[in-house]
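Peer 1: First, the structure itself, so that you have it in front of you.
The values are calculated or read from the model by the stated rules, or taken from the named source; none is laboratory data. Quick caveat: nothing in here was measured; it's all calculated off a predicted structure. Counting neighbours? That spans all protein chains shown, and the Cβs are built from the backbone with ideal geometry, glycine included. These area figures cover heavy atoms from the full protein model, side chains too; ligands, DNA and RNA do not enter into them. Shrake-Rupley method; radii C 1.70, N 1.55, O 1.52, S 1.80 Å.
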Amino acid sequence: MNFQDHAPRKMAVTLSERGLHFSQPPTPQIRQAEIIVVMALRNQAVYLSSSLASALGQSIEPGRPAVIILADQSSDNWRETAHNLLVDPRVVIAHGVCGTAAHARNALLDLVDSHFPAAKWVARLDADDVFASPDVLQTMTAEGERTDASFVLGSNHLQLNNKHLRNSNI
(Lines give C-alpha, C1' and ligand atoms only; values in the text may rest on other atoms or scores of the structure.)
Protein backbone atom coordinates (compact mmCIF):
# COMPACT_ATOMS: atom_id res chain seq x y z
CA MET A 1 0.00 0.00 0.00
CA ASN A 2 1.32 3.41 -1.00
CA PHE A 3 1.57 6.21 1.59
CA GLN A 4 0.06 8.63 -0.91
CA ASP A 5 -3.11 6.52 -1.01
CA HIS A 6 -3.81 7.63 2.55
CA ALA A 7 -2.33 11.11 2.53
CA PRO A 8 -4.65 14.10 2.78
CA ARG A 9 -5.54 15.70 -0.54
CA LYS A 10 -4.71 19.14 0.78
CA MET A 11 -1.88 19.88 3.16
CA ALA A 12 -3.10 21.75 6.22
CA VAL A 13 -0.91 23.05 9.00
CA THR A 14 -2.37 24.58 12.12
CA LEU A 15 0.23 26.38 14.18
CA SER A 16 -1.96 26.82 17.25
CA GLU A 17 -5.48 25.59 17.87
CA ARG A 18 -6.72 27.11 21.10
CA GLY A 19 -10.52 27.37 21.03
CA LEU A 20 -10.40 30.30 18.65
CA HIS A 21 -13.67 32.06 17.91
CA PHE A 22 -14.84 35.45 16.71
CA SER A 23 -16.92 37.91 18.70
CA GLN A 24 -16.63 40.41 15.85
CA PRO A 25 -16.05 38.38 12.66
CA PRO A 26 -14.66 39.75 9.41
CA THR A 27 -17.16 41.09 6.91
CA PRO A 28 -17.03 39.70 3.36
CA GLN A 29 -15.35 42.95 2.24
CA ILE A 30 -12.70 42.79 4.99
CA ARG A 31 -11.98 39.12 4.16
CA GLN A 32 -10.56 40.45 0.88
CA ALA A 33 -8.00 42.72 2.56
CA GLU A 34 -4.47 42.26 1.23
CA ILE A 35 -2.76 43.74 4.28
CA ILE A 36 -3.64 42.48 7.74
CA VAL A 37 -2.36 43.89 11.03
CA VAL A 38 -2.47 41.25 13.78
CA MET A 39 -2.45 42.15 17.44
CA ALA A 40 -2.28 39.74 20.39
CA LEU A 41 -3.92 41.24 23.46
CA ARG A 42 -3.63 40.21 27.08
CA ASN A 43 -4.42 42.80 29.74
CA GLN A 44 -3.09 45.79 27.83
CA ALA A 45 -6.20 47.98 27.89
CA VAL A 46 -4.25 51.10 28.79
CA TYR A 47 -2.26 50.89 25.52
CA LEU A 48 -4.80 49.40 23.13
CA SER A 49 -6.38 52.65 21.89
CA SER A 50 -3.01 54.09 20.83
CA SER A 51 -1.93 50.87 19.17
CA LEU A 52 -5.24 50.38 17.38
CA ALA A 53 -5.35 54.02 16.22
CA SER A 54 -1.83 53.55 14.85
CA ALA A 55 -2.89 50.48 12.85
CA LEU A 56 -6.17 51.96 11.60
CA GLY A 57 -4.43 55.22 10.65
CA GLN A 58 -2.07 53.58 8.16
CA SER A 59 -2.20 55.08 4.67
CA ILE A 60 -2.28 52.21 2.21
CA GLU A 61 -3.19 52.18 -1.45
CA PRO A 62 -5.70 50.84 -2.15
CA GLY A 63 -7.72 51.21 1.03
CA ARG A 64 -6.78 50.51 4.62
CA PRO A 65 -5.59 47.40 6.43
CA ALA A 66 -7.79 44.95 8.29
CA VAL A 67 -6.88 44.57 11.97
CA ILE A 68 -7.32 41.32 13.89
CA ILE A 69 -7.22 41.51 17.67
CA LEU A 70 -6.84 38.20 19.48
CA ALA A 71 -7.86 38.56 23.12
CA ASP A 72 -5.96 35.82 24.92
CA GLN A 73 -7.87 35.54 28.21
CA SER A 74 -7.65 39.29 28.68
CA SER A 75 -9.46 40.20 31.88
CA ASP A 76 -9.07 43.97 31.95
CA ASN A 77 -11.53 46.53 30.52
CA TRP A 78 -10.01 46.68 27.01
CA ARG A 79 -13.41 46.82 25.28
CA GLU A 80 -14.48 49.88 27.24
CA THR A 81 -11.18 51.74 26.83
CA ALA A 82 -11.03 51.24 23.05
CA HIS A 83 -14.75 51.08 22.28
CA ASN A 84 -14.77 53.98 19.78
CA LEU A 85 -12.07 52.26 17.67
CA LEU A 86 -13.41 48.72 18.00
CA VAL A 87 -16.57 49.65 16.08
CA ASP A 88 -14.52 50.33 12.94
CA PRO A 89 -15.65 47.75 10.32
CA ARG A 90 -11.99 46.90 9.59
CA VAL A 91 -11.54 45.56 13.13
CA VAL A 92 -11.99 41.84 13.69
CA ILE A 93 -12.05 40.50 17.24
CA ALA A 94 -11.20 36.92 18.09
CA HIS A 95 -10.81 35.14 21.41
CA GLY A 96 -8.77 32.15 22.42
CA VAL A 97 -6.81 30.42 25.12
CA CYS A 98 -3.24 30.61 23.90
CA GLY A 99 -1.24 31.07 27.09
CA THR A 100 1.86 32.69 25.62
CA ALA A 101 2.53 35.56 23.24
CA ALA A 102 4.19 33.16 20.78
CA HIS A 103 1.15 30.85 20.75
CA ALA A 104 -1.18 33.83 20.30
CA ARG A 105 0.91 35.10 17.37
CA ASN A 106 0.80 31.66 15.75
CA ALA A 107 -2.97 31.53 16.29
CA LEU A 108 -3.29 34.91 14.56
CA LEU A 109 -1.41 33.53 11.54
CA ASP A 110 -3.83 30.58 11.49
CA LEU A 111 -6.78 33.02 11.50
CA VAL A 112 -5.31 34.92 8.57
CA ASP A 113 -4.72 31.69 6.63
CA SER A 114 -8.26 30.47 7.33
CA HIS A 115 -10.29 33.65 6.90
CA PHE A 116 -8.42 36.11 4.67
CA PRO A 117 -7.88 34.47 1.27
CA ALA A 118 -6.54 37.64 -0.40
CA ALA A 119 -3.94 38.40 2.31
CA LYS A 120 -0.53 39.21 0.84
CA TRP A 121 1.12 40.82 3.86
CA VAL A 122 0.69 40.29 7.61
CA ALA A 123 2.08 42.91 9.98
CA ARG A 124 2.41 42.17 13.67
CA LEU A 125 1.91 45.03 16.09
CA ASP A 126 1.96 44.35 19.81
CA ALA A 127 -1.01 45.81 21.66
CA ASP A 128 1.28 48.10 23.65
CA ASP A 129 3.22 49.50 20.65
CA VAL A 130 2.56 51.94 17.79
CA PHE A 131 3.80 52.21 14.22
CA ALA A 132 6.51 54.82 13.65
CA SER A 133 4.45 56.76 11.10
CA PRO A 134 1.19 56.54 9.12
CA ASP A 135 2.99 55.33 6.00
CA VAL A 136 5.03 52.47 7.47
CA LEU A 137 2.90 49.68 6.02
CA GLN A 138 2.67 51.36 2.60
CA THR A 139 6.43 51.82 2.47
CA MET A 140 7.28 48.32 3.66
CA THR A 141 4.79 46.46 1.49
CA ALA A 142 5.73 48.52 -1.58
CA GLU A 143 9.38 47.63 -1.04
CA GLY A 144 8.45 43.99 -0.54
CA GLU A 145 6.47 44.01 -3.79
CA ARG A 146 9.24 45.84 -5.66
CA THR A 147 11.88 43.30 -4.61
CA ASP A 148 9.56 40.27 -4.79
CA ALA A 149 10.32 39.56 -1.12
CA SER A 150 8.58 36.88 0.89
CA PHE A 151 8.77 38.96 4.06
CA VAL A 152 9.86 42.39 5.26
CA LEU A 153 11.02 43.14 8.79
CA GLY A 154 10.42 46.52 10.39
CA SER A 155 10.64 48.42 13.63
CA ASN A 156 8.20 50.06 15.98
CA HIS A 157 8.18 52.59 18.80
CA LEU A 158 7.74 51.45 22.40
CA GLN A 159 5.66 52.95 25.19
CA LEU A 160 5.80 52.63 28.96
CA ASN A 161 3.17 54.21 31.20
CA ASN A 162 1.67 56.01 28.19
CA LYS A 163 5.01 57.65 27.33
CA HIS A 164 7.08 56.91 24.27
CA LEU A 165 10.48 55.45 25.09
CA ARG A 166 13.57 56.86 23.40
CA ASN A 167 14.56 53.50 21.96
CA SER A 168 12.56 51.72 19.30
CA ASN A 169 12.15 48.01 18.58
CA ILE A 170 14.64 47.55 15.74
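Peer 1: Which residue pairs have Cβ atoms closer than 6 Å, lie 6 or more positions apart in sequence or on different chains, and pair a first residue in segment 124-142 that is without any contact (Cβ under 8 Å) to a residue 60 or more places away in the chain with a second residue that is surrounded by 15 or more Cβ atoms within 10 Å (Cβ to Cβ) and of a type in the set (Val, Ile, Thr)?
Peer 2: From segment 124-142, the pairs are 140/152.
Peer 1: Also, quick follow-up: Mind telling me which of the residues 43, 84 ends up being closer than 18 Å to residue 129 by Cα and either surrounded by fewer than 18 Cβ atoms within 10 Å (Cβ to Cβ) or of a type in the set (Phe, Trp, Tyr) (or both)?
Peer 2: One residue alone meets the criteria, 43.
Peer 1: Sticking with this one: When the residues of segment 136-170 are filtered to those that are assigned to a loop (DSSP other than H, G, I, E, B) and β-branched (Val, Ile, Thr), which remaining residue is modelled with the lowest pLDDT?
Peer 2: Ranking the qualifying residues of segment 136-170, first place goes to 170.
Peer 1: Of all the residues that make up segment 105-146, how many are open to solvent by 70 Å² or more (accessible area, probe 1.4 Å) and either of a type in the set (Gly, Ala, Ser) or over 16 Å from residue 56 (Cα atoms) (or both)?
Peer 2: 8
Peer 1: Run down 132, 118 and say which single residue is closer than 22 Å to residue 69 by Cβ and touching a strand residue (DSSP E or B) at 6+ places or on another chain (Cβ under 7 Å).
Peer 2: Criteria check complete, one pass: 132.
Peer 1: Test residue 93 against the criterion of being open to solvent by less than 10 Å² (accessible area, probe 1.4 Å) and within 18 Å of residue 130 (Cβ to Cβ), and give yes or no.
Peer 2: No; evaluated as a whole, the condition is false for this residue.
Peer 1: Taking the criterion of being within 30 Å of residue 165 (Cα to Cα), surrounded by fewer than 21 Cβ atoms within 10 Å (Cβ to Cβ) and among the charged types (D, E, K, R), would at least one residue in segment 19-32 satisfy it?
Peer 2: Checked segment 19-32: no residue is within 30 Å of residue 165 (Cα to Cα), surrounded by fewer than 21 Cβ atoms within 10 Å (Cβ to Cβ) and among the charged types (D, E, K, R).
Peer 1: Continuing with this model, one more query. Output the strands (runs of 3 or more DSSP E) that fall wholly within segment 14-77 and possess 1 or more residues being in contact (Cβ under 8 Å) with a residue 24 or more places away in the chain and not hydrophobic (A, V, I, L, M, F, W, C), or say none.
Peer 2: 21-24, 66-72
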